[in-house]
Amino acid sequence: MPSLIMGVSAIRKGNNGFYPWADKEKTKKILRSMIVVVRRPPSVVSRPPSAVRRQSSVVRRPPSAVKYIVVSSYKKAIMKKIYQKRAEQFAAIALELKQKYNRFSIVRLVLFVIGASIFVFLWSYGWVSIVFVILFLVGFAQFVYWHQAIQRNQRHHENLATVNRNEIKYLNHSFNEFDSGEQFMNPQHPYSVDMDIFGAYSFFQYTNRSSTSIGKKCLVDWLTHAASVDEIMLRQEGVQELQNQLDWRQNFQALGMETEDEISHLEALKKWLEAPSFVSDSAFLKLMMYLAPVLGIVGVVLWIWYLPWHLAILFFVPAGIILKKTLDDVNETHVRTTKAEKILAHYARLIEHIEKQKMTSKKLTELQSVFFIGEKNASTFVKKLSYIIQQLNVRYNPFAIILNVFTLWDLHWVLRLEKWKALQKKQLPQWFDALQEFEAMMSLATLFYNNPDWVFPKINNTLTLVAKEMGHPLINSSSRVCNDLEMPTAGHIKLITGSNMAGKSTFLRTAGLNIVLAMSGSVVCAKAFSLPPLQVYSSMRTVDALHESTSSFYAELKRLKIIIEAVEAQSNVFFILDEILKGTNSNDRHTGSKALIKQFIHSNGSGLIATHDLELGSLEASYDGAIENLCMEVEVENGKLLFDYKIKKGVSQSFNATQLMKDMGIRIVEEK
């Protein structure tokens, strides 16, 4: 089959710095020169499980769908070209830095050998050799630090190259190797399972660019809880600002790629923040931290010159007693902070990157202002906390006992931790909150950058949902079929009928997921989208629960009960139901479905219901516009199924189950 031919060689950078298609005249010329395949089957590989349809034939596309595919494919090709070029550039710089590092590794070794040789030569000159050693070590330490900086810069550019290669994978919809967020799946959530928010080929897997556990958790919260209208507006403004800051966003991602953190370690750190101090509140312990070194020195001097060792050791007894009495408290402090050392070091670099950037939108400037405290910034304080914990971690070293006996080392650094806590106890959680929101915002900004034809929804109070050319965000643009949807969001139900594989379930998820995105502050996959504040509830994938001895039918009933209660208690619920009461016989299913629809209408509920029960279509005539029939049709030609996946008015008139069963080898004999 021929493929979509694109004039990539003719692509050049556009007026806006990032999007070449800003040049409309050039875009038109290139589009006219492109060859388009109208009848092209959707790519199964690049689609999430819920959106995959096992087509046995081609897809019929209307002219509007063909135009959408052409423009989207053109833009995606340019995006890939941008990312590919950046990946090659960063990889080339990383290679140069690696070669430079290797060359200076030899220089470093030669300098060390020369310095050691000179020291040996000057050994007999007394103080001259001591001065040389001090000067040499200072200079050599500076050289080593500079040398290690080259390696850090090399790794950073390697990470930047990886970031851009990954974006190409995202554009190709080959993102199944990235974090799926499966740990966040919650079957009891109103919609996250049905809308493919988490799991393999999920929206989280497609969108997440967070490197920290708190950033991921924040994105999860945004995708599973509808924000207020004011917050949505603020997020939209922030996402729009970050969209074109490609260099800044990717440098942030590259800095965060080496972060390995866990929520449990941060929770332990927060427990330490709330724990009472035991060193700073004790005048005796603070006094002994100064006396212990003195007693230790005196004991060593007396042992060398005057006393036997078993008497000199008495000078170390006070330190030993104090260490024993404070051991449990020190251990508890250490356990709660030890894992945070490297985490905080990485967080400090990310915060510093945010501090250096000029922000203009209200949301971003408010978040950034949290990091500025007087003359010092949050990154400075976080680095200091990481350093203090690093020094306390010295107790892992077997020789740390010597430091403790002589100086009460552990107590010194616990005291510094407590002093830090006294000054920044309230600020640290705020810094974490601001950092995680920045990460969540950058995930949505990258989503917008990669899909510039998506739009920000308009949130209003008209109680009407209007979507133009709405598509499923997880279906590749080359396969995506878009539909319009307009309906009241109070006291109105769209009843969707259609044959198997006609696209009903995908349409339900398309509407549901875009509403979820709208309520999170993200762009949506549509040409235009407006709606009032809505809370999605769905029932599409109810399964039996063996551990609860619950059948799939009873599980669905419990789910429907939750939705009914939500509709009756809230005024903004938008429900999405697929094949309700499918676990029972046809008579009970029809009776129950009809009763449920009537109950929703009487409760002023609104939503979408997909069904194979064509008799439910008769309800439209009895409810004066409160129920409208929509359908998705399929045609059979020469034993092949033809799909267009377009929503139409009315009750479905096409049937394909018999043909599908025949295709699967079931011998169906028509009775005479």
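The values are calculated or read from the model by the stated rules, or taken from the named source; none is laboratory data. Predicted model, so just to flag it, every value in this text is computed and none were measured. Positions of Cβ are generated from backbone atoms using ideal geometry, with glycine treated the same way; all protein chains shown enter the neighbour counts.
Do we find a residue being surrounded by fewer than 15 Cβ atoms within 10 Å (Cβ to Cβ) and more than 25 Å from Ser213 (Cβ to Cβ) anywhere in region 378-397? Yes: one or more hits.
If you take just the helices (runs of 4 or more DSSP H) that sit entirely in region 172-271, which of them hold at least 2 residues that are touching a strand residue (DSSP E or B) at 6+ places or on another chain (Cβ under 8 Å)?
Details: elements: 203-207, 213-224, 229-243, 246-256.
Filter on region 172-271 gives 229-243.
Keeping to region 378-415, report how many residues are at pLDDT 95 or above and either farther than 23 Å from Phe278 by Cβ or not in a helix (DSSP H, G or I) (or both). Total satisfying the criteria: 5. For first residues located in region 282-311 and more than 18 Å from Val330 (Cβ to Cβ), partners that are surrounded by fewer than 14 Cβ atoms within 10 Å (Cβ to Cβ) and not acidic (Asp, Glu) and lie 6+ apart or on another chain with Cβ distances below 6 Å form the pairs Trp303/Trp309.
Do you know which residues across region 441-465 are closer than 29 Å to Ser606 by Cβ, at pLDDT 95 or above and of a type in the set (A, V, I, L, M, F, W, C)? Explain how you work it out, then say what you get.
From region 441-465, those closer than 29 Å to Ser606 by Cβ are 444, 447-448, 451, 453-465; that's our starting set.
Checking the rest, the ones that are also at pLDDT 95 or above come to 444, 447-448, 454-459, 464-465.
Within region 441-465, Leu444, Leu447, Phe448, Trp454, Val455, Phe456, Ile459, Leu465 qualify.
Here Ser386 meets the list (1) over 30 Å from Asn251 (Cα atoms); (2) in contact with a helix residue (DSSP H, G or I) (Cβ under 9 Å, 6 or more places away or on another chain) almost entirely, failing just condition (1).
Within the span defined as region 583-599, every residue fails to be at positive phi and of a type outside the set (A, V, I, L, M, F, W, C). Scanning region 355-385 for residues that are touching an Asp or Glu at 6+ places or on another chain (Cβ under 6 Å) and under 16 Å from Ala422 (Cα atoms) returns no hits.
Inside region 416-429, can you point out the residues that are in a helix (DSSP H, G or I) and loosely packed, with under 15 Cβ neighbours inside 10 Å?
Within region 416-429, the first condition is being in a helix (DSSP H, G or I), and the residues that meet it are 416-424, 427-429.
Hits for region 416-429 are Lys419, Ala422, Leu423, Pro429.
Conditions tested, residue by residue: (1) free of Cβ contacts under 8 Å to residues at least 40 places away in the same chain; (2) in contact with a Ser or Thr (Cβ under 8 Å, 6 or more places away or on another chain); (3) part of a helix (DSSP H, G or I).
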site	(1), (2), (3)
Ile321	yes, no, yes
Lys325	yes, no, yes
Glu341	no, yes, yes
Ala345	no, yes, yes
Leu350	no, yes, yes
Gln357	no, no, no
Lys363	no, no, yes
Gln368	no, no, yes
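Right, Glu274: among the acidic types (Asp, Glu) and in contact with a helix residue (DSSP H, G or I) (Cβ under 7 Å, 6 or more places away or on another chain) or not? Considered against the rule, which asks whether it is among the acidic types (Asp, Glu) and in contact with a helix residue (DSSP H, G or I) (Cβ under 7 Å, 6 or more places away or on another chain), Glu274 comes out as no.
Every residue, every condition in (1) surrounded by fewer than 24 Cβ atoms within 10 Å (Cβ to Cβ); (2) within 27 Å of Glu437 (Cβ to Cβ); (3) within 31 Å of the chain's Cα centre (by Cα), yes or no:
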site: Leu485; (1), (2), (3): yes, no, yes
site: Ser499; (1), (2), (3): no, no, no
site: Thr510; (1), (2), (3): no, no, yes
site: Val516; (1), (2), (3): no, yes, yes
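Can you find a residue that is of a type outside the set (A, V, I, L, M, F, W, C) and within 30 Å of Leu642 (Cα to Cα) anywhere in region 543-555? So far as region 543-555 goes, no, none of its residues is of a type outside the set (A, V, I, L, M, F, W, C) and within 30 Å of Leu642 (Cα to Cα). Scanning region 265-283 for residues that are within 17 Å of Asn404 (Cβ to Cβ) and aromatic (Phe, Trp, Tyr) returns a single hit, Phe278. If you go through region 406-415 and keep only what is buried (at least 18 other Cβ atoms within 10 Å of the Cβ) and of a type in the set (Val, Ile, Thr), you end up with just Val414.
Just one of the numbered conditions (1) farther than 26 Å from Thr162 by Cα; (2) surrounded by 12 or more Cβ atoms within 10 Å (Cβ to Cβ) is not true of Gln84: (1). Within region 74-103, being touching a Pro at 6+ places or on another chain (Cβ under 8 Å) and basic (Lys, Arg) holds for one residue alone: Lys75.
Please determine whether any residue of region 282-300 is part of a loop (DSSP other than H, G, I, E, B) and in contact with a Lys or Arg (Cβ under 8 Å, 6 or more places away or on another chain).
No, region 282-300 contains no residue that is part of a loop (DSSP other than H, G, I, E, B) and in contact with a Lys or Arg (Cβ under 8 Å, 6 or more places away or on another chain).
Yes or no, residue by residue, for (1) farther than 17 Å from Met195 by Cβ; (2) more than 26 Å from the chain's Cα centre (by Cα); (3) in the same structural domain as Ser593 (by TED's automatic domain parsing):
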residue	(1), (2), (3)
Phe507	no, no, yes
Ser552	yes, yes, yes
Leu557	yes, yes, yes
Ala566	no, yes, yes
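Considering each of Leu95, Leu111, Leu160 in turn, give the residue that is assigned to a helix (DSSP H, G or I), in contact (Cβ under 8 Å) with a residue 40 or more places away in the chain and hydrophobic (A, V, I, L, M, F, W, C). Show your work before the answer.
Values: Leu95 fails: in contact (Cβ under 8 Å) with a residue 40 or more places away in the chain; Leu111 fails: in contact (Cβ under 8 Å) with a residue 40 or more places away in the chain.
Unique residue meeting the criteria: Leu160.
Of the residues that make up region 492-512, is at least one among the polar types (S, T, N, Q), within 27 Å of Lys169 (Cβ to Cβ), touching a Leu at 6+ places or on another chain (Cβ under 9 Å) and at pLDDT 95 or above? Yes, region 492-512 has at least one match.
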